[in-house]
Structures are given as structure tokens and as C-alpha cells.
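Only one structure is covered here, and it is reproduced in the block below.
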Number of protein chains: 2
Amino acid sequence: MPTPQAVLAELKAHLQFLSDLGGAVGLLRWDQVTYMPQGGASARSRHIATLSRLWQEQFTAPHIQEWLDVLVPYAETLPYDDDDAALIRYVAREYDRRRRIPTDFVAEMSRHLSASRQAWGEARQTGEFATVQPFLEKTLDFSRRMADYLAPYDHPMDPLIQQSDEGFDTATIRALFDTLQRGLVPLVRAIADAPRPNTDFLAHTYDFDTQMAFLHDVLTAFGYDWQRGRHDLTAHPFAIRLSHGDVRITTRFTPDYLNAPLFPSMHESGHAIYEQNVSPRYEGTPLARGAWSGVHESSSRLWENRVGRSRPFWEHYYPRFQRLFADHLAHVPLDDFYAAINVVEPSFIRVTADEVTYNLHIMIRFELEAQLLEGSLSIAELPEAWNAMYEEFLGVRPPNHKVGVLQDVHWYNALIGGRFQGYALGNIIGAQLFEAIQATHPDIEDHIAAGEFDTLRGWLTEHVYRHGRKYLPLELVERATGKPLSVEPLLRYLYAKFGDLYGLNLEP
Amino acid sequence: MPTPQAVLAELKAHLQFLSDLGGAVGLLRWDQVTYMPQGGASARSRHIATLSRLWQEQFTAPHIQEWLDVLVPYAETLPYDDDDAALIRYVAREYDRRRRIPTDFVAEMSRHLSASRQAWGEARQTGEFATVQPFLEKTLDFSRRMADYLAPYDHPMDPLIQQSDEGFDTATIRALFDTLQRGLVPLVRAIADAPRPNTDFLAHTYDFDTQMAFLHDVLTAFGYDWQRGRHDLTAHPFAIRLSHGDVRITTRFTPDYLNAPLFPSMHESGHAIYEQNVSPRYEGTPLARGAWSGVHESSSRLWENRVGRSRPFWEHYYPRFQRLFADHLAHVPLDDFYAAINVVEPSFIRVTADEVTYNLHIMIRFELEAQLLEGSLSIAELPEAWNAMYEEFLGVRPPNHKVGVLQDVHWYNALIGGRFQGYALGNIIGAQLFEAIQATHPDIEDHIAAGEFDTLRGWLTEHVYRHGRKYLPLELVERATGKPLSVEPLLRYLYAKFGDLYGLNLEP
């Protein structure tokens, strides 16, 4: 009988192999949207599919169960905080989850999603929901089957949520979102009644290369390590970790309006700085990544919004930015610029929504997913339900499905359920982390106003980043902040910032 | 008992898997020298090693022998020209070769080569041969062991040659090289006695971006398909095939002298155009590549030298090139430019050698490798033997080992033996192919002078490129040209071109 230590060494060697495969798949994907010539597309899809299938087979190989039979009892003899114990717990959970899902199901689902993405591409042109309806019906069926493989559950969306936000469930998130919604609606209404700041000066083309050079310095100050990363242009921005020493970001460009690359790059740098600061001792194991979608978004949205759209940040950077774009900004005072980049406006489109209304866009999607899975809503009823909720939550009704129910790719890339909550959880978690930072460093905003981000990044590294996936999200937040997760910090932050910006006298 | 057809289908699926792995390894290598941040280096080496080891294990898996036991007899029932028969013959040869080499030996050799590359890096700084001597001695020992695994052989270099130029052996190449040397020496001497053309106007910085824009049009005219490729900057130029639809080239830049990217890009495009025109029906099998090193070099050197350094080519392109670089070339007539880019000069350095002396650089290395493996020369004697051969073949003696025996990385990247012959075989094969093209298209140089390359590329595709690795090199050359391989076409070409340039009255 081999010792647990010997079995653990075998497991780690196997995980290193899987990590190497994962790094290769990451590069295949990165290149696919950056530098790959068009002619490489079909072979590239196959390369990715082949390596991903191999990864899946190797992660679910039957001999891993034999290792776990030795290791799971061993982990229970170790202190809870022990790295090996955390690794074994993680692998045991992930192995169980992946083993339950039949290979044929994965292959069938993957074929269906390819076809449904294509249908979505057509529907986006025409605005015809009927084009995607039969595909979404099948996707919903796949989603229910997936949930059943992962039964038991309280709500059929729970297992799907846990694939991207481990430890969360529908009831917990609904409770958080209900409180958040009740808190946000009066704020949104009050803002709608206040005078709208001028944003005309944003409606110009801000030269891409000039923005990129400015961003190079900003991201350097944030602590993004360029020796272990790079910054490229893609249609959809993302951050990707190929190894501890290679965490890349991409950005996009919006001509005619100041948004990208400026804010998307800050957002993606928040993901990348997280990955770059996971402890290198987890390298080669699945713990060497940021902790699931909500915690990851807390970092990206904190650097984008809490830092990059803050007054202290622009107190430091605006003089330079104004000089760089003197054509558009020479006569625009800091306060006007700050108000413009923070304009709050109910709109149809999630990805360009402001900090306040963004959360409502997410809640709509989350609630619709939950009702679809419960069976209280059908796919046929989805477009009208979407429009009705936009009226209820945001007071606007999409004039067509292109800017309505057809706007997001998520349900065509993956199953229905658990696709969106991470974005709003990120805002909630980020606000709670920031309050904890302020408790330790009451002068943190002075640091930001001085262009100094080491204290902020240092705190996040110490309390969040370095742990990788060692702890579950709710555990990590409670350890970092000393409190269970709550929406109060986010509401306090939004009321303070936007109350001030819009001259309101409101309490959350 | 499964039918041969069923077994063949299994083999092809397995080869497709190996091809996908190979495509991933290719991208990992390409990115490593183009866009990877420095911090990614160590993980990247491991990713490549892991996937390469997997490839090797999967190519030599024991069940392939069972498939071959069914398929080899089946292939003999098929016409020789049948694609499946060629594929089975190829896999059987390659499988036999790879199975004979123990996995431990490969790992041990790979570790040794890493260490010896590092020693070479140091020796290149100091010029001390003693630094690499013990490493080369061990490499020579590995080379002999490798040959013995692949025994029987007539000459210990034969199995090593056959890894990169299948079907060739030491005796055949020595015979070709002897004739070539006897033919070249009088030409080199006569040129040395003739007046040297002026090259002063090449000794400037020719703007990189302007050259790249010019090359874009030249390579487009050659037929390089940009939808299925791209062109990047690296320290060492190369062409790489990731799939039929993705064949990339890289180039380098020499400031202060007109050479790169101009000629290296044409050279690499010759490799890439070959790969782009292999029949797509071989995709996913090992036949979907150019036929070994000598034939591949015949294409790259043909496009670089026979086209890119020809008078007809510059008749067409020089007016534009002269306008682009008017600062340096406004007062330089076409004939002077043509003479300068073809200047022949005995030198120490292989990679910058001209068309005539280049072959002598190769023959020196080939002969030294052969003698080392025979045991008639020791590593300790190598530096003096190198210098003596440079005196004998080229009439120059390297003043130090940096520009002498230490100049090439080849013996530190791989074994000693079979590393260099492909470059000179490329010149020999390319000249014979061009004579065959001229026999069918006597006006081919008029096409080139008109900037029309479709006839040339079309002939090469029909007779060489499309076949991939279906035929062995000597077979392919004989099928394409109707004659066995000989050095006469190369000698005729060099005597005609350089006799004309240097005003000589010589016959080969």
C-alpha cells in the first residue's frame, strides 16, 4: 500500500501534466483571436477540441478515484488551512462533478452549442427571436439534464451556478439581489430626476495609440507586471493565464466615444493582476487560479470602477490625460470629466451600462434564468418577459430584440443558468473588500490620488490574490473582511459616490 | 479480424490526433520567439516538453505495431502510387525508427543538449573551444549510440542523415559533393581574380517597414497566401506550418546593410509556399508536409536565389525598389545593384555566404561530421581541422573560433551528423528542378521579368509541392525532372550566372 505522500506526489505530477495541457489550450485560444490568419480557423477549432477532450479524459481517469480513496481520508487528518488538504478537497469536488457528466453528453452539447451560436449570429442581424427559439429550447433541456447529473439540489440552477461560483446557490443570490434591487431602485429614480451631466466631449475619437501609451503607465502603476504579460487588441477584451509567468490581457477600441481601450484595459488588468499574484507555490495545480467568477470580477471591477472611475485617480491622472487629448479636453475641468465618465443612465445594453444600473441588467438575466429552469417561464415567453423586466427594473423597453434578449452570447456559448451572477457578485464582493481595506488604511484614497497603488494591491494580494483557489469564495470573503458577504457596502458606496455626483440627499 | 480498411481508419484517426498535438506544439514554439513575455519562458519549455513527450509516446504506442501487421501486407496489394500505400509505408518506416530509440536515451540526450547549448552560449562570448569540447565529446558519443540503435548501416552517419533526408546516405552525398567541389573551386578562383563589384550602397540602413511593405507585394506575387499565413519579426527567421490553413513565416532585420528582411523573407516564403501547396487531402497525416530537408531547401533557395537574386526579377522590381530607397539607390543603375547583391567572396560565416561559396561551407561541415563519426577525427582535433579545411576550400583561415568552429548552433541543438547536407542538397535539387521547368517553359525567365510567378509556382506545385511526403526525395526529384539527381545543373547555372557577372570565360 503506497503512502498518502507517495500518492499525493503522483497526483501532483498528473495535475502538472493537466496544467501543461491547459497552458497549451490557453495559447491556442489567445492566438485564435489575436494573430491567427483566417485560414487557420477550422484546424484551430479541432486542435482546441482535441486537447480539451484529452484534458477532460485525463482529469476524469478512473485511477484518480483510487488516489482519492487514499487522499481524502488523509486530507482530513491535516489542518484545514494546509495547502495539500485544500488541493485534495478541490480535486475531489471537481473529479466528482466531472465524472458525473457523461462524455457523450459533453460532445452532444458541444455540437449543439456550435450550431446555436451560428443561429444566434443570424438572429443578431435580423432581430428575429424565432431563429434562436428552437435552439434555446434544446439548450434549456441540456441545462436541466446537466443539473440532474449533478443532483441533488434545492433549485435546478444551483449546480450550474456552482460550476462558475462554487459555494453559492440560487436562494443565497436571490436574497442578495433582492436587497440590492430594493436599495438601487430609489437611487436610479433620484438620479433620473437630477440634471444630466454634459458628456459631449466624450463623443470623439480618442487616438488608440495615445490611450495605449497612457494605459501602459497606468497599468504599470497598478502593478501589472509586463515581464509576465502583454496587451493586445481583440474584438472582445479578456485576460488569460498561460502560466504564472505569462498572464496576458487584450482590449478593444471604440472610435467616436471615450470608453475603450481605457476602461476595458483597466478591467482586464484587474483580472491579470489577480492571476499574477497567486502564490507561485500553487503553480502546476488547479489552485493556481483566481477564485471563481464572482471573486475574479471583484478584482477587475474594483480596478476599473473603484479605482479607474474614481475622483482620486483622476486627480492624479487627469492633468496628463487632458494634455494628451487637449483637442477634446483642454477646456473641460476635472469635475466635468469625472461626472461624464460616471454618467448614470438606464439603457438597454449590459456591457456599456454604468456602475449603478449594471447590477440591474444582471439581476434581470439571473431571474430569467432561474424562472426558465424552474419551468415557470418558457423560452417562447422569454422575449416578452425580458422586455417587461427592463420596464420594471430600469424603466426602459427595448425597441427590438437586437438590443434586447438577443444581445448576449452567453446562452449560445454555454448552458442557461449560472452565466451572469458573477458580474454582480463581483460588485458586491469588491465593495466589501474595499471597506475592509479602508478600515486598515483609512488614507487609501490619498494613495490613489498620489498615483500609488502598492498598498491597495498589497492588501488584495495578502488577503485574496495569493490564495488562488485554496478557499471557496464565501470563505475567502469572510476571511478577508471578517464579515459574511452582504450588499450593504456596495449600496453605501453607490449612494455616497452618486449622491455626491448628482447632488442628492439620500441614504441607502 | 478487422478489415484493413477498418484498421486504416483507426490509424488515420490516431494520426489526426498526433497532427493536432503537433499543431499545438508548433504554436507554442512560434509564440515562444515572437510574442511570449520573458516571464513565460520556463513554463513554456515545460509545455513544449510535455506535449512533445506525449506525441512521442503516442506515435510509438505498441498497438500501432498491431495495426501495421495488418496494414503493411495490405499496402503491398495497392498500387505503388496509391496515397494509402504511401502513408502506410511512411508510418511503418517512422514507427520502426522511433521504436528503436529508447525513451530514456531521448530524455538523457535532451538534458545533455540543454546543458551543451548553454556551454555553447558561453563559448560564443569567449571564443574558447575548451568550454564546449567535453560537451561535444559526449554529443559524439550520443550520436554513435543513436546510429547503433538504427543499425545496420554502411557509414555511421547514414542513419543520422536519414532522419532529415530520407533515402540519402553518406556515400551518395560524398560523391555529389566531390563533383560539386571540383567544379566550384576553379570558379571561386577565377572570381577572386576578377574585379570586385562595388557594394558600398548596400552598407546603409534600409528602413524595415518600407522593406516589409515591398515584401508584402513580392510575396503576394510569388503566391504566398496571406489568408493562410503571416509575417513576423524574430531573431532567427523560420517558416512553420500549424495546419494547411496556417503557415507562418518570420524574418529578421539587419540594420546597416541590405540583406534582411529582404532575402530571408523570400527564403522563408519558399518554405511556406511549399507547405501551403501540399494537397489538402493529406491534412491530418504525416504526409502533409514538405519532403524532408533537402527538397524543402530546394524550394526556399530557389525562391530566394534563383528568383530573388536574379536579373529578371530585378528588371521588374528595381524601379520601384529604387524609388522606395532613393536616398541610397537613386544613382545606382540596375546592373550595379544586381552585381552587388550577388557579390561572391570567400568568407568565414555560412549564413551570410553567397550562392557560390555557400556550398563549400556546407561541404566542410559535412566532411567533418563524417570524419568525427568514422573516428578518423577527434573532437580535440576539430578546431584545427575546421581551419585547415577553410584554407583548403575557401582560401581563408578564421582568425578566431567565434567566426570559425563555434559559429553554428546545430551540434548543440541536436546530434552530430546529418545536420548540414540539406542546405547544399537544396541548391543541387533546386537547380535540377529549374532546368526541368525551363525545358517545359523556355520563357520562364520572361515570366519572372514580368513579375509573373504563377507558371513557376504552378509547375512546382504540380511536380513537387502537392505530393507532400508521399515520395522519398530522390524518387520525387526523378519523377519531377525525369533524371536522377546530379550536380551538373547547379554547376551550369552558377557558371552561367557568375561567369556573366564577373566577365569570365569558363565552362564547368
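Rule-based calculations on the coordinates, nothing more; no lab input. Quick caveat, the model's predicted, so the values are computed rather than measured. Heads up, the Cβs are rebuilt from the backbone with ideal geometry, glycines too, and the neighbour counts pull from every protein chain shown.
Key figures for this structure:
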read-out	value
Dipole magnitude of the protein assembly as shown, debye to nearest 20 (Cβ charges: Lys/Arg +1, Asp/Glu -1, about Cα centre)	500
Between 0 and 90°, nearest 10: helix B:382-394 axis offset from chain B longest Cα axis	50
Percent RCO, i.e. relative contact order, over chain A, from Cα pairs under 8 Å lying at least 6 residues apart	20
Dipole of the protein assembly as shown, positive direction: furthest Cα of B:LEU377, B:GLN133, B:THR60, with charges on the beta-carbon	B:THR60
Other-copy label distances relative to B:GLY451, 7 angstrom Cα-Cβ extension, nm	5.0
Bins of 10 Å, starting at 0 and running to the largest distance - Cα pair percent for region B:4-100	14, 39, 25, 15, 6, 0
Cα centre as origin, Lys/Arg/Asp/Glu Cβ charges: region A:4-100 dipole, Debye	700
For region B:192-236 and region A:40-78, distance of Cα centres in Å	47
Across the identical copies, how the A:TRP226 labels are spaced - nm, sorted shortest first, 7 Å along Cα→Cβ	2.8
Bridge type composition, the protein assembly as shown - antiparallel percent by DSSP, nearest 5	55
When each of A:LYS12/A:LYS470; A:LYS12/B:LYS138; A:LYS12/A:LYS483 is checked by Cα-Cα distance, pairs over 23 Å	A:LYS12/B:LYS138; A:LYS12/A:LYS483
Positive-end extreme of charge dipole, region B:1-65 - chosen from B:ALA6, B:ALA24, B:GLY40 (charges on Cβ)	B:GLY40
Nm distances between copies for A:ARG466, ranked from closest, using label points 7 Å along Cα→Cβ	6.4
Helix axis angle, A:488-501 relative to chain A longest principal axis, alpha carbon, degrees	20
Percent of Cα-Cα distances greater than 42 Å, calculated over chain B	17
Rounded to the nearest 20 debye, dipole of chain B from Cβ charges on Lys, Arg, Asp, Glu	960
Value of relative contact order over region A:4-100, rounded to a whole percent, pairs C-alpha under 8 Å and six or more apart	32
Chain lengthening between B:ASP225 and B:ILE101 when straightened (0.36 nm per residue, less Cα-Cα)	40.8 nm
Cβ-based charge dipole, region A:361-474, positive-most Cα from A:LEU406, A:MET389, A:GLN432	A:LEU406
Where rotation carries B onto A, the chain B residue whose Cβ is nearest that axis, in whole Å	B:ALA24, 2
Cα long-axis angle, helix B:358-374 against chain B (0 to 90 degrees, to the nearest 10)	40
Zero-based 5 Å bins, Cα pair distances in region A:68-152, whole percents	3, 13, 16, 14, 11, 11, 10, 8, 7, 5, 3, 1, 0
Rule-of-thumb Rg ratio for the protein assembly as shown [Cα; 2.2 N^0.38 Å; N residues]	1.08
